[in-house]
Amino acid sequence: MKVKCPHEGCGAVMTIPDVTGIADRMLTCPICKYRDKVAVFIAEMDKLEDVDTECCLSESDDTIGVLKIAEAIYALVEGRNTIGRKAPSSTADVQLVVEDKYMSREHICITVVKKSHDYQHRIQNIATRNHVFVNGDELKSGEVLILQHGDVIKLGKTEIQFVKE
């Protein structure tokens, strides 16, 4: 989907993946470095009349792995991805749309790091009260684990499959 930077004087148009929950993710304009929720960029696109600057953040360039809950897919990007339950007060980068009172608003962090020919996905438990399990083994608060394609992450009562792309 195409979105437009709302920062005054920029107006860059970007193509981003159209995946569930993308509107609640944070996006940084590659031209002016303005950062806000994707929903703000989408709203600005509705006002678009002239396109001066265009850059592409295609799914293959921007998405480096996904989290799957049933039919919903949530994209991960390079760098730090905080993940938690969607709520008005949540500041998580990836807000999961679930009815799970045992999932924190900011529950885990998945840091995507570029290695020589691949990406490494490091999961860390950042919740203070709620548990995290990876393939049935508990990930204690502050512990870091390298995720592998197909790993199952359990936050609260919700199971999430990690898919490395």
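The values are calculated or read from the model by the stated rules, or taken from the named source; none is laboratory data. Note that this is a predicted model, so its numbers are computed, not measured. Note that we place each Cβ from the backbone using ideal geometry, even for glycine, and neighbour counts take in every protein chain shown.
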Of all residues in segment 69-91 being modelled with pLDDT under 90 and touching a Lys or Arg at 6+ places or on another chain (Cβ under 6 Å), which is surrounded by the most Cβ atoms within 10 Å (Cβ to Cβ)? Ser90
Sole miss for Lys37 among (1) in contact with a Cys (Cβ under 6 Å, 6 or more places away or on another chain); (2) modelled with pLDDT of 85 or more is condition (1)
Only residues that are under 25 Å from Asp118 (Cα atoms) and either of a type in the set (Gly, Ala, Ser) or not assigned by TED's automatic domain parsing to the domain that holds Val112 (or both): list them for segment 129-147, please. Gly142
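In segment 148-165, how many residues are assigned to a strand (DSSP E or B) and surrounded by 17 or more Cβ atoms within 10 Å (Cβ to Cβ)? Show your work before the answer.
If we filter segment 148-165 for residues that are assigned to a strand (DSSP E or B), which is where we start, we get 152-155, 158-163.
Filter once more, keeping what is surrounded by 17 or more Cβ atoms within 10 Å (Cβ to Cβ): 153-155, 158, 160, 162.
Number of matching residues: 6.
If you check Ile123 against the conditions, is it outside the structural domain of Val19 (by TED's automatic domain parsing), in contact (Cβ under 8 Å) with a residue 60 or more places away in the chain, assigned to a strand (DSSP E or B) and closer than 19 Å to Ala75 by Cβ? I'd like the intermediate steps shown before the answer.
Details: outside the structural domain of Val19 (by TED's automatic domain parsing): yes; in contact (Cβ under 8 Å) with a residue 60 or more places away in the chain: no; assigned to a strand (DSSP E or B): yes; closer than 19 Å to Ala75 by Cβ: yes.
Against the criterion (outside the structural domain of Val19 (by TED's automatic domain parsing), in contact (Cβ under 8 Å) with a residue 60 or more places away in the chain, assigned to a strand (DSSP E or B) and closer than 19 Å to Ala75 by Cβ), Ile123 does not qualify.
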Arg105 fails exactly one of (1) within 24 Å of Val38 (Cβ to Cβ); (2) more than 13 Å from the chain's Cα centre (by Cα); (3) in contact (Cβ under 8 Å) with a residue 24 or more places away in the chain, namely (3)
